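Asker: One structure, pasted below without further comment.
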Amino acid sequence: MVMMMNNQEELLSKIATGNGHGENSPYFDGWKAYESDPYHHTENPQGVIQMGLAENLLCHDAVEEWLINNPEASICTAEGLNEFRDIAIFQDYHGLPKFRNAVANFMRKVRGNKVTFDPDRIVMSGGATGAHETVAFCLANPGDAFLVPTPYYPGFDRDLRWRTGVQLVPVVCDSSNNFKVTIEALEAAYGKAQESNIRIKGLLITNPSNPLGTFLDRETLRNIVSFINEKNIHLVCDEIYAATVFTDEPSFISIAEIIEEIECNRNLIHIVYSLSKDMGFPGFRVGIIYSYNDAVVSCARKMSSFGLVSSQTQHLIAKMLSDDEFVEKFISESARRLAERHNAFTWGLSQVGIGCLKSNAGLFLWMDLHHLLKEQTCEAEMELWRVIINEVKLNVSPGSSFHCPNPGWFRVCFANMDDQTMEVAISRIRTFMLKNKEAKVPKKKLCWQSSLRLSMSSRRMDDFLASPCMSPQSPLVRART
Ligand SMILES: Cc1ncc(COP(=O)(O)O)c(C=O)c1O
């Protein structure tokens, strides 16, 4: 076996034999647990419920209805077949002009028509995954680094680093101030990188945030732009969740708005976008790089040959996103349904004393279970996570996989399931919490089940179940409808 490994290492590249993909993380392990025992209402009611996938399935019915009413949008229907030949041979890496126009319009609408986007700056890629890698290739050399505020989407460790040789340096943001991205935290990370002779080429932010479900306020965004300007480093803004914001006040602020307001070097600003979350089309692999830097647009466009969006998809998306009436209705209905689901879920959790970071965007909740940890460590978080996966049968993702510095946080996705599955998930959590409480009270000490090795004093558990605010040190807000 060892010989075979050595042999493979000689035969194959470092990329092929290395672990740069990062598949061996709890984030992906949870998916595997789900795949080996997937929940189904009737066929496998005891199976694992997938709550680790940030998918948006809540408005697919509206898309299906549009497809039925617009059969000519597809070249695979009798109504659309006359465009088959033109579309089937199209392979220009600039993309179909009607596709770029439609995406630029959609990006404007999603941002409340407060900013416009130039279709000539729209570069396509294989999802936001491909977009991030392309941007990293354009901005940094192997060994260079990007700052990334914590907690952050685990896929970044793969997307930005694996094939580019670029590094990520965490900017430590924690629960003491609701994970706010402060200048102090940015300066600290930048300074530390400099001490270690790591060259920082940029800052990557996700707005709205995955996993927090919050979005950045105007002051923070302005500070961030001033920071990158002063350091003369790039700012990459992942705005993939822009249309998942389900509150009008405050409204989502895109970086595109901020750079209209304050003096800055626009050559440093780049937006990554995709239709995977806002439209719920991760399978279409529609990723977008929108750069204000001409050289980046030009290089990224050439690189897009490695991850073009198929012309068939471009054709369909162009028709769908240029239907203004449909798009406007879709955006508002999607926000309404996300709010409804978010409220139902946070309310269900609050009934058993579980709090979440107050949020108003995204496809997930950032749930605080730190009171359930045996001790405030990463290991204890993993122990609890194994209980949740193996006993409660929910695939949620532990905070450590998002580089969260505080143990006990878990990301719970809520938009990838129907109402019935959501009810089952909430009832499993309720049973878990009540059983946990019952197990402790008579014995005057808390222990879940010996095999689960989760413990807490009964006093603390009572406090925990009764308290409107779970954590004294983390200013989380109890889930509210
Ligand atoms: C913040 C963030 N960026 C990028 C991606 C990748 O998206 P895509 O499916 O478009 O590649 C995800 C997916 O979960 C994400 O959450």
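The values are calculated or read from the model by the stated rules, or taken from the named source; none is laboratory data. As the structure is a prediction and not an experimental result, all values here were calculated from the model. Please note: Cβ atoms are built from the backbone with ideal geometry, for glycine as well, and neighbour counts cover all protein chains shown.
Asker: What is the number of the single condition among (1) in contact (Cβ under 8 Å) with a residue 24 or more places away in the chain; (2) farther than 25 Å from Ile224 by Cα that Pro119 does not meet?
Answerer: Failing condition for Pro119: (1).
Asker: Restricting to region 174-206, what's the tally of residues that are within 18 Å of Gly399 (Cα to Cα) and without any contact (Cβ under 8 Å) to a residue 60 or more places away in the chain?
Answerer: Number satisfying all stated conditions: 4.
Asker: Among the numbered criteria (1) out of contact with any helix residue (DSSP H, G or I) (no Cβ under 6 Å at 6 or more places or on another chain); (2) closer than 25 Å to Met279 by Cα; (3) of a type outside the set (Ser, Thr, Tyr), which single criterion is violated by Gly18?
Answerer: Answer for Gly18: the failing condition is (2).
Asker: Something else: Condition test on Tyr292, is it aromatic (Phe, Trp, Tyr), in contact (Cβ under 8 Å) with a residue 24 or more places away in the chain and surrounded by fewer than 22 Cβ atoms within 10 Å (Cβ to Cβ)?
Answerer: The answer is yes for Tyr292.
Asker: Quick check on this structure: which one of Asn229, Asn207 is touching an Asp or Glu at 6+ places or on another chain (Cβ under 9 Å), surrounded by fewer than 18 Cβ atoms within 10 Å (Cβ to Cβ) and either within 19 Å of Val135 (Cβ to Cβ) or modelled with pLDDT of 95 or more (or both)?
Answerer: Asn229
Asker: If you don't mind, there's one more thing I want to ask. Restrict the check to region 85-97 and report whether at least one residue is under 23 Å from the mean Cα position of the chain (by Cα) and either of a type in the set (A, V, I, L, M) or modelled with pLDDT under 95 (or both).
Answerer: The answer is no, given that none of the residues of region 85-97 is under 23 Å from the mean Cα position of the chain (by Cα) and either of a type in the set (A, V, I, L, M) or modelled with pLDDT under 95 (or both).
Asker: When you check Lys374 against the structure, is it touching a residue at least 60 places away in the same chain (Cβ under 8 Å) and either in contact with a Pro (Cβ under 6 Å, 6 or more places away or on another chain) or closer than 19 Å to Glu249 by Cα (or both), yes or no?
Answerer: no
Let's see how each residue does on (1) among the basic types (Lys, Arg); (2) surrounded by 22 or more Cβ atoms within 10 Å (Cβ to Cβ); (3) closer than 21 Å to Phe284 by Cβ:
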position: Cys76; (1), (2), (3): no, no, yes
position: Gly80; (1), (2), (3): no, no, yes
position: Pro97; (1), (2), (3): no, no, yes
position: Asn101; (1), (2), (3): no, no, yes
position: Pro149; (1), (2), (3): no, yes, no
position: Leu160; (1), (2), (3): no, yes, no
position: Gly165; (1), (2), (3): no, no, no
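Asker: Of all strands (runs of 3 or more DSSP E) completely enclosed by region 232-297, which ones contain at least 2 residues that are within 11 Å of the ligand (Cβ to nearest atom) and not hydrophobic (A, V, I, L, M, F, W, C)?
Answerer: Because the criterion is at least 2 residues that are within 11 Å of the ligand (Cβ to nearest atom) and not hydrophobic (A, V, I, L, M, F, W, C), the strands (runs of 3 or more DSSP E) in region 232-297 that meet it are 269-274.
Asker: Also, quick follow-up: Considering only residues of region 139-168 that are assigned to a loop (DSSP other than H, G, I, E, B), under 25 Å from Ser298 (Cα atoms) and among the polar types (S, T, N, Q), which is farthest from the ligand (Cβ to nearest atom)?
Answerer: Asn141
Asker: Suppose we keep only residues that are closer than 23 Å to Asn19 by Cβ and of a type in the set (Val, Ile, Thr) within region 146-204. Which one would you say is farthest from the chain's Cα centre (by Cα)?
Answerer: Only one residue fits best here, namely Ile198.
Asker: Scan region 103-124 and tell me whether some residue there is surrounded by fewer than 20 Cβ atoms within 10 Å (Cβ to Cβ), part of a loop (DSSP other than H, G, I, E, B) and within 15 Å of the ligand (Cβ to nearest atom).
Answerer: No, the conditions are met nowhere in region 103-124.
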